[in-house]
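Trainee: Mind looking over this structure? Questions follow.
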Amino acid sequence: MAVAEWYSQKEFFDYDTGKPVKGKEEEAHEFMQVIYQDTESVGFGIVEPYVVGWYCPKADLEAAGVGDKIKKPDPASAVT
């Protein structure tokens, strides 16, 4: 459920610029971690009501580093 929530924040990431929507950087970064193509492992910690995701390696969240590591998802493969 937490991953689906982070994925739903895709509206806060601009694929054309590789940057988060101004004022929604935290939300965009959570989404970017979920779809980062170099992720090799993921761990989660849960302490009600919080869920923390640990993605390794950490996504390069700078516009210059996004490049081909974050591509616009295919709507048919959306996380639910």
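Trainee: Surrounded by 10 or more Cβ atoms within 10 Å (Cβ to Cβ) and outside any helix (DSSP H, G or I): does that describe Val51?
Mentor: Values: surrounded by 10 or more Cβ atoms within 10 Å (Cβ to Cβ): yes; outside any helix (DSSP H, G or I): yes.
Judged against the criteria, Val51 is a match.
Trainee: Please identify the pairs in which a residue from the range 1-26 that is of a type in the set (S, T, N, Q) has its Cβ atom under 9 Å from the Cβ atom of a residue that is modelled with pLDDT under 90 and loosely packed, with under 13 Cβ neighbours inside 10 Å, counting only partners at least 6 apart or on another chain.
Mentor: Short answer, once both residue conditions are applied: Thr17/Ala63.
Trainee: Something else: Kindly provide the set of residues from the range 63-80 that are at pLDDT 70 or above and surrounded by 10 or more Cβ atoms within 10 Å (Cβ to Cβ), ordered by number.
Mentor: Val66, Lys69, Ile70, Lys71, Lys72
The values are calculated or read from the model by the stated rules, or taken from the named source; none is laboratory data. What you are looking at is a predicted structure, and each value in this text was computed from that prediction instead of being measured. Every residue, glycine as well, gets a Cβ built from its backbone with ideal geometry; the counts of neighbours run over all protein chains shown.
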